[in-house]
Amino acid sequence: MLKRTLQAIIKSPLTNALQLVARKFVPVAVLTALILGIANFIHQQSNHQWSRGIETYIVLEQIRRSERLPASDLAFLGDSSCLFGIHVPTLLHAFPGSDVEAFCTIGYVGPDGYAAMLDKMIARGRQPKKLVLVFNPIQFERDPRWNEWPTFIRTDRFEVPSGLTFPAGGLEYIRLLMERAVYTPLPGAYAIYYGGKDQFISTIWSEHGSAIDPNRMLDIPSLEAFRATLPGHVLLKPLPASKPFVMNAEFEKALNSLSVTLSKLDRSKVYLVISPVNSVNAQGDPQSFHTEAGKRIAARLGLDQSQFLDTPDVMLDILYARYPAHLHRWARMIYTEQLAKTLANRRILGKSASD
């Protein structure tokens, strides 16, 4: 009786339908599970260097440049005020025949991170003949959480290992592969000006380590057109008294790390620049603080006070793209012209084009 019942069930239309579905889809399910399993394994073993974000793209690409380019006559290391504020092509035009490169990243990297980059350059024998360190006051109050960035630079691990398990880890790995293969626009104004990541990276290389913050002045076609909109004097402006920028213990600790790396170089060939802040965001007496900060940092780094370069401390809001520190596309050329005069007067680079 039981045998006849089982035979009837096996021969039923529903059972036949289930068997047909199983024959069609079980191999697909097994193959899908296998692919996700392999992807999950690779994802767990990888260093996840495909992290999204402008900041990560900047840091990774400047490290690649510092590893691949030969030693330059003059190099810049610093934060994003240098990346977006010092226009290396302007310096190359001012000093024909000189080799100048910028390896500036972001303020989160900080002095310890700049030391890590410089250590890698020294290890490869690609340290520059002369070096300019650039700091903006907004990074003086350093957050300990930013110390992940120097660690990433030293270990080549730009994200923590993934905590995702199967199948989520496999799906994330496949998503990252798709992100690499498919065009992905950058966020906000960066997408309007650059488009995608590759165009942004290409600009950093073609401009010798400089880039454009596109959050302002995209509608002005040239430097000459922008100059026509300016008041007579744009570099300095008196400010009301307010709380000054503060160098905290975390920032000074990072400076000590950089000082150790600088001991491997001829310190007489190292110079210091405090980049200007936006007059809207500037705090305290700009000139006195600018000088005081420069002398204090120079002392921490074992540099002579004379190696602190005289450059503008505050610039008008019309010259900034975003935040207290990012000059826009045309203002960076104006600032770099001022910097070129200082470099020429101090004979840090060879004869300028105007000599």
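Peptides 97-104, 249-256, 66-73 ranked from most to least packed, by the mean per-residue count of other Cβ atoms within 10 Å: 97-104, 249-256, 66-73. For the peptides 57-64, 329-336, the ranking by packing is 329-336, 57-64, with the highest mean count of neighbouring Cβ atoms within 10 Å listed first. When the residues T105, T90 are ordered by accessible surface, computed with a 1.4 Å probe over the protein chains alone, the sequence from largest down reads T90, T105.
Summarising the label geometry, the points placed 7 Å from Cα in the beta-carbon direction at Q199 and K129 lie 3.7 nm from one another.
The slack in the chain from D310 to I192, taken as 0.36 nm per residue of separation less the alpha-carbon distance, amounts to 38.9 nm. With the simple spin-label model, which puts each label point 7 Å out from Cα in the Cβ direction, the A299 to R227 separation comes to 4.1 nm. Within the shell of other residues whose beta carbon sits under 13 angstrom from the beta carbon of G188, the net charge comes to +1, with Lys and Arg scored +1 and Asp and Glu -1. The modelled label-to-label distance for the pair D219/I318, using points 7 Å beyond Cα in the direction of Cβ, is 1.5 nm. Taking the three principal axes of the alpha carbon atoms in the range 260-350, the coordinate ranges are 39, 31, 21 Å, sorted in descending order.
The values are calculated or read from the model by the stated rules, or taken from the named source; none is laboratory data. Computed from a predicted model, the values in this text were never measured in an experiment. When we count neighbours, we look across all protein chains shown, and the Cβ atoms used for this are built from the backbone with ideal geometry, even at glycine. These accessible areas exclude ligands, DNA and RNA; they are computed on the full protein's heavy atoms, side chains included. Shrake-Rupley method; radii C 1.70, N 1.55, O 1.52, S 1.80 Å.
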